[in-house]
1. Anyone know which of V117, V34, V172 comes out most mobile in the 10 Å Cα GNM of the chain?
2. Percent of Cα-Cα pairs per 10 Å bin, from 0 to the last occupied bin, for segment 128-210, please list those.
3. Specify the angular offset, from 0 to 90 degrees and rounded to the nearest 10, of the alpha carbon long axis of helix 210-225 from the longest principal axis of the alpha carbons in the chain.
4. Once you place label points 7 Å from the Cα toward the Cβ at D111 and D316, how far apart are they in nm?
5. For segment 82-122, what class follows from the C-alpha gyration tensor (a ≥ b ≥ c being the square roots of its eigenvalues): rounded when a/c is under 1.5, otherwise prolate if a/b is larger than b/c, else oblate?
6. Past the 41 angstrom mark, what percentage of all C-alpha to C-alpha distances in the chain do you count?
7. Taking other Cβ within 10 Å of each residue's Cβ, how do Y159, Y324 sort, fewest first?
8. Once you order the gyration tensor axes a ≥ b ≥ c over the Cα atoms, which shape class does segment 97-151 get: rounded for a/c under 1.5, otherwise prolate or oblate by comparing a/b with b/c?
Amino acid sequence: MQREVEVAVIGAGQAGLSAAYFLRRHFEPETGFVVLDHAPHAGGAWQFRWPTLTFETVNGVYRLPGMDVPEPDPSTPVSGVIARYFADYEREFDLRVRRPVSVAAVRSLPDKRLELVTDQGTWIARALVNATGTWERPFWPRYAGQDHFNGRQLHTAQYRGPWEFEGRRVAVVGGGISAIQHLMEIAPLAASTHWFTRREPRWRSGDFNPDRGREAVAMVEERVRRGLRPQSVISVTGVPLTPAIRAARESGVLVRSPMFDAITPEGLRWDDGRFVPVDTILWATGFRAALDHLAPLKLRGPGGGIVMDGTRVAADPRVHLVGYGPTASTVGANRAGRAAVSEIREFLGVGPAAARAGARV
């Protein structure tokens, strides 16, 4: 089956729904635009988060355009609330998200349109908003001896709570907020915990004010403008020294060690002979942008990244990446959705007077 639309959106997380909201003002769903989502239910990556990630511990949940985000008790798990919020949002604005749909490849056609090949047929579009995020591409570093480790290895994406680490000797690898939250939860139950990072953590005191936020965004934006892979947010902003994190540092839970050189069947080894016995390695090593389906368009440059001009791919004005690089935060995702739709309207020649009948204003 082959269907034609003006604009296709891949992904229905924060960035994808934001783009769909602004598209809905000028295009009819199904005929003017379509939203394809790989996930089984509404909620983006939030639906897969571990149950101990509550509104008290999460970095922040930002409202989607046009609808307030719920504000439950701080101890409430985030995943269920935000999944319901996203589902209500899709219904309220009649976005008609199609799921589960897996996009295998996006190709360029001779007539300059784009062909989206999926497990539910083919869509032809004149422009694309890619909002696939990173959740489906967890990054696993490789170390000598890793395949012969006798214990358990898991990634943040597989983390479901601290109780499964009770009595275990646990190594947590990674310098981001997830690694720190895991350590703080696991330490009271585990036999021992060890924290490993490639670089010394950058601790940040004081409020993260708008000026610091703009500075962080500018640094990431400069990288993607040059075609380099985006930096992690934490490498730019630093780790906030909240009261809970200060207490964990003082208690000895957050004592960082440099990275090991190899993994043995029984633990971690350094070239100088040091050894730490562990039976569990939790890789809190982040994620990479899920862009494999765009490979046929050959968007990547020599630096491994994609040269960007705002949300638009510099080499292909048909393609916009939202929730990528400087727009990966929830606040940035909303702004990116608006910006992408504005540029797509200009690209397609769709001004306010050409808005589709029945579209919401």
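1. V117
2. For segment 128-210, the binned pair fractions read 13, 40, 32, 12, 3 percent.
3. The angle comes out near 70 degrees.
4. Placing both labels 7 Å along Cα→Cβ, they lie 1.9 nm apart.
5. prolate
6. 16
7. Fewest to most other Cβ atoms nearby, the residues stand as Y159, Y324.
8. Prolate, since a/c reaches 1.5 and a/b exceeds b/c.
The numbers here are math on the coordinates, done by the rules we state, and not lab data. Computed from a predicted model, the values in this text were never measured in an experiment. Using ideal geometry, Cβ is built from the backbone for each residue, glycine included, and neighbour counts are taken over all protein chains shown.
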